[in-house]
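Written below as structure tokens is the structure these notes are about.
The values are calculated or read from the model by the stated rules, or taken from the named source; none is laboratory data. Because the structure is a prediction, the values reported are computed rather than measured. In this analysis, Cβ positions are derived from the backbone assuming ideal geometry, glycine residues included, and neighbour counts consider all displayed protein chains. Just so you know, the surface numbers come from the protein's heavy atoms only, side chains and all, with ligands and any DNA or RNA stripped out. Shrake-Rupley method; radii C 1.70, N 1.55, O 1.52, S 1.80 Å.
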Amino acid sequence: MLNECVALIADDNEDNRNICRIILQKSNMSVTEVVNGQQAIERLTDQRFTLMVLDMQMPVVDGRGVLQWLTAHSDVRPQHVIVLTANPHRVTHDVQNTADYVMYKPIAAVEFAHFVQRLTQPRKP
């Protein structure tokens, strides 16, 4: 279960951010949104997040760059990282090893909501 539910959405597409934000807020998470990887890195250094939704293709620093930065700065890594991509070829072995979940775009809102719900429910002993 996510204790203090704080999510970071890093995606340059406003529609994708809106879908994710609505679902995360319905799961009682507070949400911060950024539009590129550099802004994501800046937020990650300033605040702790329990969940990050990360687009692979963004300006300035892309999702792969953010994942590489997270690998080097594991002390600020969110508890869960969901990667979004429209291009399956961008999902390399490194991406799969760093992310907890890969979702292909367009975002399937029901699938995303079910995944978030699983993350936020208490684990059975």
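A compact table of results
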item	result
Helix-only CD estimate at 222 nm, as mean residue ellipticity for the chain, using -39500 (n - 2.57) per DSSP H run (n ≥ 4)	-12000 deg cm²/dmol
Nearest-0.05 FRET efficiency for Gln68 and Asn28, computed from C-beta distance (R0 25 Å)	0.20
Cleavage-rule hits (GluC sites (Glu not before Pro)) in segment 1-86: DSSP loop, at most 15 neighbouring Cβ within 10 angstrom	Glu4
Per residue accessible area in Å² of the chain, where ligands, DNA and RNA are left out and the probe is 1.4 Å	54 Å²
Estimated FRET transfer efficiency when R0 is 35 angstrom, pair Gln117-Val60 (beta carbons, to 0.05)	0.65
Carbon + sulfur, % of accessible area of the chain - ligands and nucleic acids excluded, 1.4 Å	47 percent
Rough spin-label spacing in nm, given labels placed 7 Å along Cα→Cβ, for His89 and Glu14	3.0 nm
Val76/Val110 FRET efficiency (R0 25 Å; Cβ-Cβ; nearest 0.05)	0.20
Extension gain, Arg48 back to Asp100 (0.36 nm per residue minus Cα-Cα distance, nm)	17.0 nm
